[in-house]
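In what follows, a structure is listed as structure tokens, so that the remarks can point back to it.
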Amino acid sequence: PGLTPYCTKPEICTNNEKTTLWQFEVDHTLIDCGMCYIIRCCDGSFFVIDSAHMYSVNDDLRIIEFLKRFTNGKKPVVAGWFFSHCHEDHVSKFLDIVEYRRNEIEIQTVYYNFPDPDHRDANHWGECNYAVAMRFEKVLEEANGINVVTLHTGQRFFVRNLKFTVLCTHEDIFPHSMQDYNNSSAVLMMEAEGSKVLFPGDASAESDKVLLRRYSDYLKCDVVQVSHHGHSGTSPEFYRLADAECALFAVTQIKFDEEYPRQEANRVAIEIAKEYHIASNGAVEIPLPYVYGQTKIYPDETFEDFNGIFNLWTYEYSDEMKQKLYEEFLERKKRR
């Protein structure tokens, strides 16, 4: 699509580890949102996309422990950590890792492009968003040794054997309204081992217009992350163009079920896909190149605290629903 190349080159790997994508099961005990994807590069280092919510209280440790499973006891190396946007359910646990667990992990480069906190539409984003953005910038300023790359649409960059193309950032939305902060999401297409994986983050209606108009068939991929956790995000046409065999939902089963009847985009993505996976039901391992039938689903590790959810978010479920969900969780927990 005539994109401008970025000044990095693919790296030659010597370890030849299997390139693998994971949809990480964030801790959804108290929160239904949050998103974290992990890719193992061919040298055994990792590329991570987003992290988890501040209410996923143990996920700074859980993310590190997950990475350690695949490093034979060595300190994990995160060659790149990308952030789609600065909502708390995408950046909070990264901030905790940098502030409190920096010695347990090596982070080489951070990639992002957030709008200025003084943006024209910032008064619609809320005080929490402002506080998180300020904390993010402060943590990175004080984190010596972490490189920072600001992404712009059209850039191509490589991390080990992974190739990334930046399809959209908040800069593409101007001069249209960005009162919906989700439209600030940077959108990445990843290519690895002959497969394409599309990460729209929380991209919503204005981003969707840019993506459809600009890229069309270029959105075709093997695996797609469903935008905004399957809430109102990108359009049904976006998923028709993506035409992905595997769809990934960074959401809980409860919220997935609530959204399914009212979100045509979710139904289209699922109708097209051969398989789809909901993050709360256990981490999902996808070897690359993507081949249908090779996906592995891990045991379910976390479960809803219904009293805590009610106290925080004031929504409640019937006793019958709670019992059904708990029984399903116990079955998923048995996976080996």
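The values are calculated or read from the model by the stated rules, or taken from the named source; none is laboratory data. The model shown is predicted, which means the values in this text are computed figures rather than measured ones. Glycine also receives a Cβ, built like all others from the backbone with ideal geometry; neighbour counts cover every protein chain displayed. Calculation scope for accessible area: heavy atoms of the full protein, side chains included, ligands and nucleic acids excluded. Shrake-Rupley method; radii C 1.70, N 1.55, O 1.52, S 1.80 Å.
Odds and ends about this structure:
- Pair-distance profile P(r), taking every C-alpha pair of the stretch 69-143, with 10 angstrom steps and integer %: 16, 48, 25, 9, 2
- Once the C-beta distance of residue 319 and residue 262 is scaled by a Förster radius of 25 Å, the resulting FRET efficiency is 0.50 to the nearest 0.05.
- Ordering of 192-203, 253-264 by burial proxy (mean other Cβ atoms within 10 Å per residue, highest first): 192-203, 253-264
- Modelled FRET efficiency - R0 22 Å, residue 74 with residue 18, Cβ distances, 0.05 increments: 0.85
- Dimensions of the stretch 123-165 from C-alpha coordinates, computed as largest minus smallest value along each principal axis and given longest first, are 39, 28, 13 Å.
- Global geometry of the stretch 1-124, whether rounded, prolate or oblate, following the gyration tensor of its Cα atoms and the 1.5 cut on a/c: oblate
- Ranked by how many other beta carbons lie within 10 Å on average, peptides 139-145, 47-53 from highest: 47-53, 139-145
- Taking a ≥ b ≥ c as the square roots of the eigenvalues of the Cα gyration tensor, the stretch 260-336 is oblate, since a/c reaches 1.5 or more and a/b is not larger than b/c.
- Lysines with Cα under 16 Å of residue 296, excluding same-chain neighbours fewer than 8 positions away: 18, 274, 333, 334
- Extending 7 Å from Cα along the Cβ direction at residue 217 and again at residue 312 yields two label points whose distance is 4.5 nm.
- Normalised by the number of residues in the stretch 191-264, the mean separation of alpha-carbon contacts (under 8 Å, six or more apart) gives a relative contact order of 33 percent.
- For the chain, the solvent-accessible area works out to 42 Å² per residue, with a probe of 1.4 Å and every protein chain left in place.
- Prolate/oblate/rounded call for the chain, Cα gyration tensor, a/c under 1.5 rounded: rounded
- The chain - percent of accessible surface contributed by carbon and sulfur, probe 1.4 Å: 48
- Each Cα pair under 8 Å and six or more residues apart adds its sequence gap; the mean of these over the residue count of the chain is a relative contact order of 17 percent.
- Calculated on alpha-carbon atoms, Rg and Dmax of the stretch 184-336 in Å: 16.5, 48
- When each of the peptides 311-321, 72-82 is scored by the mean number of other C-beta atoms lying within 10 Å of its residues, the order from highest to lowest reads 72-82, 311-321.
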